[in-house]
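Chemist: The structure is given below, and queries will be raised subsequently.
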Amino acid sequence: MRRLAGLLVVPLLLLSTAACGDDSGSDSSQMKNGVPAITKGAKFGEEPTLSQGTGEPPKELKVEVISEGKGPALKKGDIAQVNYLGQVWDGKEPFDASFGKGKPFDVTIGAGMVIKGWDQGLEGQKVGSRVELVIPPALGYGEQGSGEKIKPNATLVFVVDIVKGTTVPVSATGKEVAQENKDLPKVGTNTDGKEVAVTVPKDVTPPAKLVSNYVLEGDGEAVKDSGSVVVKFHGKTWKDDKTFESTYANDTTVTWPMEQLSVKGLKDGLIGKKVGSRVLLVIPPDMAFADKEQGTIPANSTLVFSLDILAVM
C-alpha cells in the first residue's frame, strides 16, 4: 500500500520541475573543481545560480564542499533542514529550488525518503556548510527520469545549504503513565527503539470520540499546530487488530508538517503533547478516512496508533 505518510500529509515533492536548457559549448569558467561553477550568490545563505556543466559528467557521486560550517556532522537518522537548488548537468536553469521560499526543506539522513545521492552526499557534512552535489543517474532518477524536466539517465547537480541538524533519539523516554482503562488498547513501554506493541481489546466497541493519552510522558516542548513533528509510529485498525503500517519495519522516522496533516484526529491528537512522549491515539472514522478505503485500511475504520514524539522542527 502507499506509505501512510503519503496519505496523511499533503504531498511535498523534493524534485518538482522547471525548465532545463540545452548544451551550449564549453568554457573553463563554467567549471570549478570538476563541478559547475556558482555564478552568483556563492556565499552560504545566498540564492545561487549555476553554470551549465561541460564535458562528460562524473560517473560517481561527487561532493564539493563550497564552504564548511562549524556545526556537528550529520549522521544517519539526523533531521537536516536545508535550502537547495537543483539543475540537470547540461541545463541552463534550475528545475527546483527552496531558496527564497521562506522555509527550509526537512530531510532525514539515510532514511531513503529522498534520492540516494542526497542521502549519501549529505551524511558526514557539517551543519552550516554549503555543498555541491553532482549525482549520477544511478543515485538519482535512473533510466526512468522524473517528469518532463528530468530526462532518463540525467545527471543532477544540487547546491545545498545545511541550515540546521537535529539528532533524533531512538525512542520516547518519558515517565510511564498507568494504562488503567480496559476498554482501550494497551501500548508497550519499551524504550530500546524496537517495535512498540499495540494490543486492541477484543469484543469491545471502539470509542466514538478521539482518544489521545500519554503512555510515556516526556518533558519537552509541546507540539503546536505549525512547524513539523518527527515521530515513530505503529498503526493498527481496531476492528481486526491488524498493522497497516509501522515505521519500525524499516527503522525510520517520519517528519510531518503539522499544517499539512490531512487526518484531523491525528493532528488534534498530537497538538499539545510533549516531545519525548509516547501517545496512544484512537481515531474514530469521522476524524480519520471516514467512508473512504485507503489501501489496506477499510472504509469506516477506527485507527489506533502508538506514536513516539521525538522532535519538533
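Chemist: Test GLY100 against the stated conditions and say whether it is part of a loop (DSSP other than H, G, I, E, B), touching a strand residue (DSSP E or B) at 6+ places or on another chain (Cβ under 8 Å) and either surrounded by fewer than 22 Cβ atoms within 10 Å (Cβ to Cβ) or without any contact (Cβ under 8 Å) to a residue 40 or more places away in the chain (or both).
Modeler: no
Chemist: Going by what's in this entry, would THR253 be described as among the polar types (S, T, N, Q), under 25 Å from PHE105 (Cα atoms) and open to solvent by 10 Å² or more (accessible area, probe 1.4 Å)?
Modeler: Judged against the criteria, THR253 is a match.
Chemist: Could you go through region 111-123 and let me know if any residue there is open to solvent by less than 50 Å² (accessible area, probe 1.4 Å), modelled with pLDDT of 95 or more and more than 20 Å from the chain's Cα centre (by Cα).
Modeler: no
Chemist: Any idea which residue in region 243-301 is nearest to ASP119 (Cα to Cα), counting only those that are in a loop (DSSP other than H, G, I, E, B) and without any contact (Cβ under 8 Å) to a residue 24 or more places away in the chain?
Modeler: Within region 243-301, the match that is nearest to ASP119 (Cα to Cα) is GLU293.
Each row is one residue, and each column tells you yes or no for (1) basic (Lys, Arg); (2) touching a strand residue (DSSP E or B) at 6+ places or on another chain (Cβ under 6 Å); (3) modelled with pLDDT under 95; (4) surrounded by 12 or more Cβ atoms within 10 Å (Cβ to Cβ).
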residue: THR17; (1), (2), (3), (4): no, no, yes, yes
residue: ASP22; (1), (2), (3), (4): no, no, yes, no
residue: GLY25; (1), (2), (3), (4): no, no, yes, no
residue: SER29; (1), (2), (3), (4): no, no, yes, no
residue: PHE44; (1), (2), (3), (4): no, yes, no, yes
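Chemist: Within region 219-242, take every residue that is assigned to a loop (DSSP other than H, G, I, E, B) and in contact with a helix residue (DSSP H, G or I) (Cβ under 8 Å, 6 or more places away or on another chain) and give me the one that is nearest to ILE309 (Cα to Cα).
Modeler: VAL223
Listed here are the residues, each with its yes/no results for (1) open to solvent by less than 10 Å² (accessible area, probe 1.4 Å); (2) in contact with a helix residue (DSSP H, G or I) (Cβ under 9 Å, 6 or more places away or on another chain); (3) more than 23 Å from LYS202 (Cβ to Cβ).
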position: ILE271; (1), (2), (3): no, yes, yes
position: GLY276; (1), (2), (3): no, no, yes
position: LEU281; (1), (2), (3): yes, yes, no
position: ASP286; (1), (2), (3): no, yes, yes
position: GLU293; (1), (2), (3): no, no, yes
position: ALA299; (1), (2), (3): no, yes, no
position: THR302; (1), (2), (3): no, yes, no
position: SER306; (1), (2), (3): yes, no, no
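Chemist: For region 181-194, does any single residue satisfy the condition of being assigned to a strand (DSSP E or B), surrounded by 13 or more Cβ atoms within 10 Å (Cβ to Cβ) and of a type outside the set (S, T, N, Q)?
Modeler: Checked region 181-194: at least one residue is assigned to a strand (DSSP E or B), surrounded by 13 or more Cβ atoms within 10 Å (Cβ to Cβ) and of a type outside the set (S, T, N, Q).
Chemist: How many residues are in contact with a strand residue (DSSP E or B) (Cβ under 7 Å, 6 or more places away or on another chain) and open to solvent by less than 30 Å² (accessible area, probe 1.4 Å) if we restrict to region 129-153?
Modeler: 9
Chemist: Next up: Search region 48-60 for residues being in a loop (DSSP other than H, G, I, E, B) and open to solvent by less than 50 Å² (accessible area, probe 1.4 Å), and hand back the single one that is nearest to TYR84 (Cα to Cα).
Modeler: For region 48-60, the residue satisfying everything is PRO48.
Chemist: Can I ask one more? Test each condition in (1) surrounded by fewer than 16 Cβ atoms within 10 Å (Cβ to Cβ); (2) part of a strand (DSSP E or B); (3) of a type outside the set (A, V, I, L, M, F, W, C) for ASP203 and report the one that comes out false.
Modeler: Here ASP203 meets the rest and fails (2).
Chemist: Residue check, GLU148 against (1) more than 22 Å from the chain's Cα centre (by Cα); (2) among the acidic types (Asp, Glu); (3) farther than 27 Å from ALA37 by Cβ, all met but one. Which one?
Modeler: (3)
Chemist: While we're on this one: I need a count of the residues in region 114-129 that are in a loop (DSSP other than H, G, I, E, B) and touching a helix residue (DSSP H, G or I) at 6+ places or on another chain (Cβ under 7 Å).
Modeler: The total comes to 1.
Chemist: Taking region 66-91 only, how many residues are open to solvent by 60 Å² or more (accessible area, probe 1.4 Å), within 28 Å of LYS151 (Cβ to Cβ) and modelled with pLDDT of 95 or more?
Modeler: Final tally of qualifying residues: 1.
The values are calculated or read from the model by the stated rules, or taken from the named source; none is laboratory data. Predicted, not measured: the structure shown is a model, and the values here were computed from it. We place every Cβ from the backbone using ideal geometry, glycine too, and count neighbours over all the protein chains shown. What goes into the accessible areas is simple: the full protein's heavy atoms, side chains included, and nothing from ligands, DNA or RNA. Shrake-Rupley method; radii C 1.70, N 1.55, O 1.52, S 1.80 Å.
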